[in-house]
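Here the structure comes first, spelled out in structure tokens, and everything after it is commentary.
Since every read-out is calculated from the coordinates, none of them should be taken as a lab result. Small disclaimer: the values here were computed from a predicted structure and weren't measured. Neighbour counts run over all protein chains shown; Cβ positions are idealised from the backbone, glycine included.
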Amino acid sequence: MTRKSLWSLALLASAVVAFVATLVPMTVSAQGVDTLEAIIKPNYVTDANLMAAAQDPNNWLHYGRDYAGTRYSPLAEINGTNIKKLVPKWNLSFGVLEGQDSQAVAYNGVVFVTSSFNKVWALDGTNGKVLWKYERELPGDVYPHLCCDVVNRGVALYKDKVYLATLDSHIVALDNATGKVVWDKQVGDYTYSESFTTMPLALHGKIIAGTAGAEYGVRGWIVALDADSGNQVWKTYTIPAAGEPGSETWGGESYKYGGGSAWITGSYDPENNTLYYPVGNPGPDFDRHVRPGDNLFTNTTLALDPDTGKMKFYFQYTPNDPYDYDGVNEVVLADVAGRKVWLHGDRNGHLYSVDRTNGKCVWVVPLGRVNWVKSWGPNCRPIMNWPEKDVVYDKVTQDIAPTLDGGKEWHPISYSLRTKLVYVPVYDFSMDLQAKKMEWKRGEWYLGAKVIRLNPGSGATKAFDAATGKLVWSRPQSTPGTGGVLSTGGGLVFFGDPEGLFTAVRDDTGETLWQYNVGTGIHGNPTSFTAGGHQYVAVVVGPGGGGIWPLYYSEWYKKQSKGGGLFVFGLSE
């Protein structure tokens, strides 16, 4: 055999070995080592990746991009000078018409997104090519137990898995390369009206999520599962049982049906190893008279030990709430004017700054018209405007401002590290309410309301100084702010509205720079990432979700259409 033939044979053998190595883990021997092997997983998300998300401009790994929940992307390829060149690059149809409250997360150019009915997609971020799709078969009797449509808010990425919290109260781990189920754990009981609409939080080897269901009088909780096995690590109830701290704030046995669901993702401060988790309204929603007391820990942000779930301290926004001012809205961690605070836009119509080391209120300012509170006591405790605006059995209390939607609904705010401003999607409506005595029944609505009426109003996107709470600019609109907010290093603020306009404004003035009509209402959140070396802005579209406003879509649908999907924008060539 010639030297040339031997060389060709060696090359062929080398190619065969390389090909086989792509199919199975490579095992070789080395001096003193019995087994030497490596298993490669694409797009593997480490704890270090999650912890450094704030310093990583290319990816969107958390609900609010970073553990602080800022929704600020430092990317600046898309900016005020070239924003008019922003065009749709691709879009994905979800194939469903119901409410869409989700967002895209992205890692190494791969985009992961959910839709209603717990569908999940993995896509190529440059062109939208579907890499895999997961569809969950939901039990047919789950739907009467869902308060606010069949929505989902996204998946968590950790190691080689994608984590989904489902409407039938399971948490599912999917292989991030194939979409195949790795494990599926039942966490709650959907027949008791425990359900998940939240995006889970990956933290310290755990997957953390909170239940929905306060409108059915469930007793809320937050749970942590082991990310590898799905086994429960801890579970913290948001409503204390008899004899536990805080139980004295519930009259009789009202704590058993106390609500306090936790369906928005928490935030985490690694400096003090504290998890900040928001908790929602009490049950029944509108009849405070059957649950005398402050009703801890509803309408509260809990500061928890993420390793054990034990509470360190708390801050309550609306004690003994008769208005369904669900305090579950996101908690944004920021270092402002030398103080470590959290920022929170609440449904009760106020924006708060709270010291995140001890739960002491720094300032509170109104987001719009508010008349349920007379003044403020120590630590920003509201002094109620009762009896004038109390909700009672024998009459309709008129013109309570704001409505149960807010103030600000669940749609998240953004805090810009560039401007030090907080951008808030605002509702500015009032409501009429009358209470009704109800008996709690398992798996049935438990609102305690005879009359709920939304009065005419408007909405806005507003910017506040994070150090003082001073209003810097306001951009009014005829509809409420039903989309989350994204701020960027390019000096832009992005948000959507119920009429389907996706808008970019200047972050310092609110001046409108760009708009695109997606053809359906927007209730999802915009995010930004890079793929193929370029910046993209993504937004989930499709009207729906909970609250009063969707009831008024019946008129809107006479001209407009439903339709869920993901739009991804980039600069034209």
Each label sits 7 Å from Cα toward the beta-carbon; between Lys256 and Leu131 the label points are separated, in nm, by 4.9
Check which residues have an amide H placed less than 5 Å from Val233's amide H, if you skip close sequence neighbours.
Ala224, Leu225, Asp226
Using a 10 Å Cβ count of at most 13 others and DSSP loop calls, identify the longest part of the chain lacking such chymotrypsin sites (Phe, Trp or Tyr not before Pro).
1-392
Sticking to Cα atoms, compute the Rg of the range 385-540 to one decimal and its Dmax as the biggest Cα-Cα distance, whole number, in Å.
18.9, 64
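Extension gain Glu573-Lys470, at 0.36 nm per residue separation less the Cα-Cα distance, in nm? Don't skip to the end; give the middle numbers.
Numbers: separation 103, 0.36 × 103 = 37.08 nm, distance 4.04 nm.
Between Glu573 and Lys470, full extension yields 33.0 nm more.
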On a C-alpha basis, how far is the centre of the range 221-281 from the centre of the range 115-178 in Å? Whole number, if you could?
23
Given the Cα-Cα distance of Lys340 and Asp432 and 0.36 nm per residue of separation, how much length would full extension add, in nm?
29.3 nm
Can you figure out the FRET efficiency of Gln55 with Ser93, using R₀ = 45 Å and their beta-carbon distance, to the nearest 0.05?
0.85
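Between Asn108 and Asn455, what FRET efficiency comes out of the Förster formula 1/(1 + (r/R0)^6) with R0 = 45 Å and r the beta carbon distance, rounded to 0.05?
Numbers: r = 48 Å, r/R0 = 1.07.
Calculated value: 0.40.
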Nearest 10 degrees, 0 to 90: what angle lies between the long axis of helix 3-21 and the longest principal axis of the chain (Cα atoms)?
20
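Rounded if a/c is under 1.5, else prolate if a/b is larger than b/c, else oblate: which is the range 306-351, with a ≥ b ≥ c the root eigenvalues of its Cα gyration tensor? Walk me through the numbers before you get to the answer.
Values: a/c = 2.42, a/b = 1.25, b/c = 1.94.
Oblate.
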Mean residue ellipticity (222 nm) of the chain, computed from DSSP H runs ≥ 4 via -39,500 (n - 2.57), nearest 500:
-1500 deg cm²/dmol
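Give Lys119/Lys206; Lys84/Lys559; Lys85/Lys562; Lys85/Lys129; Lys206/Lys310 a once-over and call out the pairs whose C-alpha atoms are over 20 Å from each other.
Values: Lys119/Lys206 23 Å; Lys84/Lys559 28 Å; Lys85/Lys562 28 Å; Lys85/Lys129 23 Å; Lys206/Lys310 15 Å.
Pairs exceeding the cut-off: Lys119/Lys206; Lys84/Lys559; Lys85/Lys562; Lys85/Lys129.
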Extension gain, Lys395 back to His289 (0.36 nm per residue minus Cα-Cα distance, nm)
36.7 nm
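Please go through the range 52-138 and write out the trypsin sites (Lys or Arg not before Pro) that DSSP classes as loop and that have at most 14 other C-beta atoms within 10 Å.
Details: sites: Arg65, Arg71, Lys84, Lys85, Lys89, Lys119, Lys129, Lys133, Arg136; in loops: Arg65, Arg71, Lys129, Arg136.
Here the trypsin sites (Lys or Arg not before Pro) that fit, given the DSSP loop and packing criteria, are Lys129.
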Taking a crude spin-label model, label points 7 Å out from Cα along the C-beta direction, the Glu511 to His534 distance in nm is 2.7
Residues of the range 270-298 with backbone N under 19 Å of the label point set 7 Å from the Cα of Trp440 along Cα→Cβ are 279-298
Please say if the range 36-177 is rounded, prolate or oblate, where rounded means a/c under 1.5 for a ≥ b ≥ c the square roots of the C-alpha gyration tensor eigenvalues, and otherwise the choice is prolate for a/b larger than b/c and oblate otherwise?
oblate
From zero outward in steps of 5 Å, how is the percent of C-alpha pairs of the range 352-451 spread across the bins?
2, 11, 14, 17, 19, 15, 11, 7, 3, 1, 0
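Computed FRET efficiency, Cβ-Cβ of Trp376 and Ile39, R0 56 Å: what is it to the nearest 0.05?
Working: r = 58 Å, r/R0 = 1.03.
Result of the calculation: an efficiency of 0.45.
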Using just the Cα positions, wrap the chain in a convex hull and report its mean projected area in square nanometres, one decimal place.
30.8
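Using Cα pairs closer than 8 Å and at least 6 residues apart in sequence, work out the relative contact order for the chain, in percent. Working shown, then result.
Values: 1655 pairs, mean separation 83.3, N = 573.
Relative CO of the chain lands at 15 percent.
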